[in-house]
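A short reminder: the numbers here are calculations on the coordinates, not readings from a lab. Just so it is clear, the model here is predicted, and its values are computed rather than measured. Neighbour counts are summed over all protein chains in view; Cβ atoms, including those assigned to glycine, are modelled from backbone coordinates with ideal geometry.
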Amino acid sequence: MGWSQLRQQIFYGLTNGMAYALFAIGLSLIWGIVGVINLAHGELYMLGAMLAWLVGTTLGLNFFGSAIVSIVVLGAVGILCNRVAVQPLLGVRNFLLLTLLSTLGLSMIFMNGAIVVWGDISREVTTPFSEIIKVGGIQVSGERVVTFAITVGAVLLLHFFLTRSKLGKALRASAQSSFGARLVGIDLKRIYALGFALASALAALAGILLAPIWYAYPHMGQAMLIKGFVTVILAGLGSIFGCVAAGLFIGLAESLFGYYISVYYRDAFCFLIMVIILLARPTGLFQKAG
Amino acid sequence: MTKQRWLANLLLLVVAILVPTIFKTPYLVHLFVLSGIFALFSLAYDIVIGMMGQFSFGHQALWGLGAYISALLAVDTGVSPWFTIPAGAIGTGIFGFAMGWISLRLRGAYLGIITLGFAVILQEVIINWKTVTHGWLQVLRIPAPKLGDTALNTPFSYYYLVLAFLLLTIYFIKSIQRSRFGRGLAALRENEQRAISLGIPIFKYMVVAFTISATLSGLAGALFAHYVHTINPNTLATSYLWAALIIVLVGGSGTLGGPLIGTLLFIFVPEWLRMAAALRFAVFGILIVVCVVFVPEGLYPRLLSLWNRFIVSRVKG
């Protein structure tokens, strides 16, 4: 067990972690802004990956072209999800539980629909940067580096959107207080639709970036959803950079624990950390007070 | 209870007892057995969701734990299922007590996620602690309980076992709801601050209710194990949680009739949807969304209000 192995595991941990972060940010956005735990988020991620594969193989577009098509389509799917399963329930008692159920219904529709349409098999998404090079004694795959870089870019873009633009500020205001947001004339329905579109597009981006590394298949969203929950909870709701830090932390902890201690108890270890942190700091590690 | 409600309940009870004679095919009775087991599980889940107004995403672990304790005792030590089934329930109750005592400091989605954490950890332990749990090799040939010399291994005989447990559970939950404890839980569900100010020891009440819910979930899981005869780590999968969630919310949470109606729909509608072939579960998903959006309070409360509007008012008028 040399240093190069350690560095290799850190590299895997960081790149996986960045992917968890990208996935979790969308989950966190909807949770924070609309107050919905979107159980279909994993399926949006899956649809993003499957669409990229479909567009790439049938229309013959290159990786970036099919990525853009898939992201745009998924943004629209997100708006549709909001319109069908969330908007009618606004203001109903038990909103959180009911939307949990309606998004669970959506996830069943998407997953089983995907199995029927595309079959329950893994698809390979090819990229122009799949070669593996050796850097400092560790194996670095181009796909992982590109995933990491694009995620950093997407997170920064999202951060500037949320803090600088008027629309982004309206999103944040609605997350802080829906009542206050209505008072200053923000149309909540449009904000929620925007939140869903944004979150679904981010989920799709995560799926597209990860499919070349982990393949695309109809069940891929299920395991990711649970990882996403842990990330959001560790980060504290609505904190983008918190999601990044929590995602990186989970990715690192997972790969180091898996390599050095036990690969069998990897998920249990992640959840154990989460349980302890939740008990010590119930609002997450990066939640600002107030 | 009005006279009409009382008569309706009596009629339902008679129908429930006659189910195996009305539906003579083993497969249909089998579906009713499953309904009974899932109804028990959903009633247990609804103690947390409906009576207490809290979240749990960890009940699949309680269901699975009950199944595992009872099955392993029966298979590996040869104890009679009549003892292992209660042992499964009680063991799960003890685990549920610890889980509730640790988790119930949190509220809302955080409570949901921490209970999910317990479930994931327990499932990995069951997968990997192979010397005790058999891991992915499954627990096979789980014996059915015996009455005298006859094993209750047909849907017809097992149906009455499940029905007996279900009726006991319904009676038990009903008497909780009428008790001081149950009213305390209702107060806590409606307004936590006010319940505290009234001097209700809410943490204690919640832990006790969670423990009861866990015990009943374990019972349902144990009954399931001795009916299907084979369990594996997927018995702790989230699909069982989603089942309970769908049943409780579609039927109507916080009521006794809701989980019962919800279960019958949950078991029989997918069977009926077999004509949709591969699209079966996608169609089921569509039905769930439609149901939540158009009947958010649940089917049972909606049916009750329709009943009151059309039947009762007409009788009086």
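With the structure loaded, tell me whether residue A:130 is part of a loop (DSSP other than H, G, I, E, B), in contact (Cβ under 8 Å) with a residue 12 or more places away in the chain and among the small types (Gly, Ala, Ser) or whether it fails that test. Break it down into steps so the answer makes sense when it comes.
Numbers: part of a loop (DSSP other than H, G, I, E, B): yes; in contact (Cβ under 8 Å) with a residue 12 or more places away in the chain: yes; among the small types (Gly, Ala, Ser): yes.
For residue A:130, the condition - part of a loop (DSSP other than H, G, I, E, B), in contact (Cβ under 8 Å) with a residue 12 or more places away in the chain and among the small types (Gly, Ala, Ser) - is met.
Among the numbered conditions (1) closer than 24 Å to residue A:95 by Cβ; (2) buried (at least 18 other Cβ atoms within 10 Å of the Cβ); (3) more than 13 Å from every other protein chain (Cβ to nearest Cβ), tell me where residue B:289 comes up short.
Exception for residue B:289: condition (3).
State whether one or more residues within segment A:255-268 are more than 13 Å from chain B (Cβ to nearest Cβ) and under 30 Å from residue A:56 (Cβ atoms).
Yes, because at least one residue in segment A:255-268 is more than 13 Å from chain B (Cβ to nearest Cβ) and under 30 Å from residue A:56 (Cβ atoms).
Can you tell me how many residues in segment B:106-125 are touching a residue at least 40 places away in the same chain (Cβ under 8 Å) and farther than 19 Å from residue B:236 by Cα?
Final tally of qualifying residues: 3.
Filter segment A:80-98 down to residues that are touching a residue at least 12 places away in the same chain (Cβ under 8 Å) and facing chain B (nearest Cβ under 8 Å) and give me whichever is farthest from residue B:253 (Cα to Cα).
For segment A:80-98, the residue satisfying everything is A:84.
Check B:120, B:132 and return the single one that is in a helix (DSSP H, G or I), closer than 18 Å to residue B:232 by Cα, in contact with a helix residue (DSSP H, G or I) (Cβ under 9 Å, 6 or more places away or on another chain) and at the interface with another protein chain (Cβ under 10 Å from one of its Cβ atoms). Outline the logic, then answer.
Numbers: B:132 fails: at the interface with another protein chain (Cβ under 10 Å from one of its Cβ atoms).
After applying the criteria, what remains is B:120.
Counting only residues that are in contact (Cβ under 8 Å) with a residue 12 or more places away in the chain and assigned to a loop (DSSP other than H, G, I, E, B), which one in segment B:135-150 is surrounded by the most Cβ atoms within 10 Å (Cβ to Cβ)?
Across segment B:135-150, the extreme among qualifying residues is B:142.
Can you go through B:98, B:109 and tell me which one is out of contact with any helix residue (DSSP H, G or I) (no Cβ under 8 Å at 6 or more places or on another chain), surrounded by fewer than 24 Cβ atoms within 10 Å (Cβ to Cβ) and within 28 Å of residue B:254 (Cβ to Cβ)? Working first, answer last.
Numbers: B:109 fails: out of contact with any helix residue (DSSP H, G or I) (no Cβ under 8 Å at 6 or more places or on another chain).
B:98 is the lone residue from the list that is out of contact with any helix residue (DSSP H, G or I) (no Cβ under 8 Å at 6 or more places or on another chain), surrounded by fewer than 24 Cβ atoms within 10 Å (Cβ to Cβ) and within 28 Å of residue B:254 (Cβ to Cβ).
What residue, among those in segment A:107-125 that are under 21 Å from the mean Cα position of the chain (by Cα) and loosely packed, with under 15 Cβ neighbours inside 10 Å, is nearest to the other protein chains (Cβ to nearest Cβ)?
Residue satisfying both the conditions and the ranking: A:122.
Counting only residues that are within 14 Å of the chain's Cα centre (by Cα) and basic (Lys, Arg), give me the helices (runs of 4 or more DSSP H) lying completely in segment A:143-256 with at least 1 of them. Please lay out each step first, then the result.
Numbers: elements: A:166-176, A:178-183, A:188-214, A:220-235.
Qualifying helices (runs of 4 or more DSSP H): A:220-235.
Does residue B:250 meet the test of being among the aliphatic types (A, V, I, L, M), part of a helix (DSSP H, G or I) and within 11 Å of chain A (Cβ to nearest Cβ)? Break it down into steps so the answer makes sense when it comes.
Details: among the aliphatic types (A, V, I, L, M): yes; part of a helix (DSSP H, G or I): yes; within 11 Å of chain A (Cβ to nearest Cβ): yes.
Spelling it out, residue B:250 is indeed among the aliphatic types (A, V, I, L, M), part of a helix (DSSP H, G or I) and within 11 Å of chain A (Cβ to nearest Cβ).
Which of the residues spanning segment B:248-267 are within 13 Å of residue A:97 (Cβ to Cβ) and not small (Gly, Ala, Ser)?
B:248, B:249, B:250
Quick one: count up the residues across segment A:139-171 that are touching a residue at least 12 places away in the same chain (Cβ under 8 Å) and closer than 17 Å to residue A:192 by Cα.
Result for segment A:139-171: 5.
In segment B:151-178, which residues are among the basic types (Lys, Arg) and either touching a residue at least 24 places away in the same chain (Cβ under 8 Å) or within 23 Å of residue B:78 (Cβ to Cβ) (or both)? Let's see the steps before the verdict.
Keep residues of segment B:151-178 that are among the basic types (Lys, Arg), which gives B:174, B:178.
Selection gives B:174 alone.
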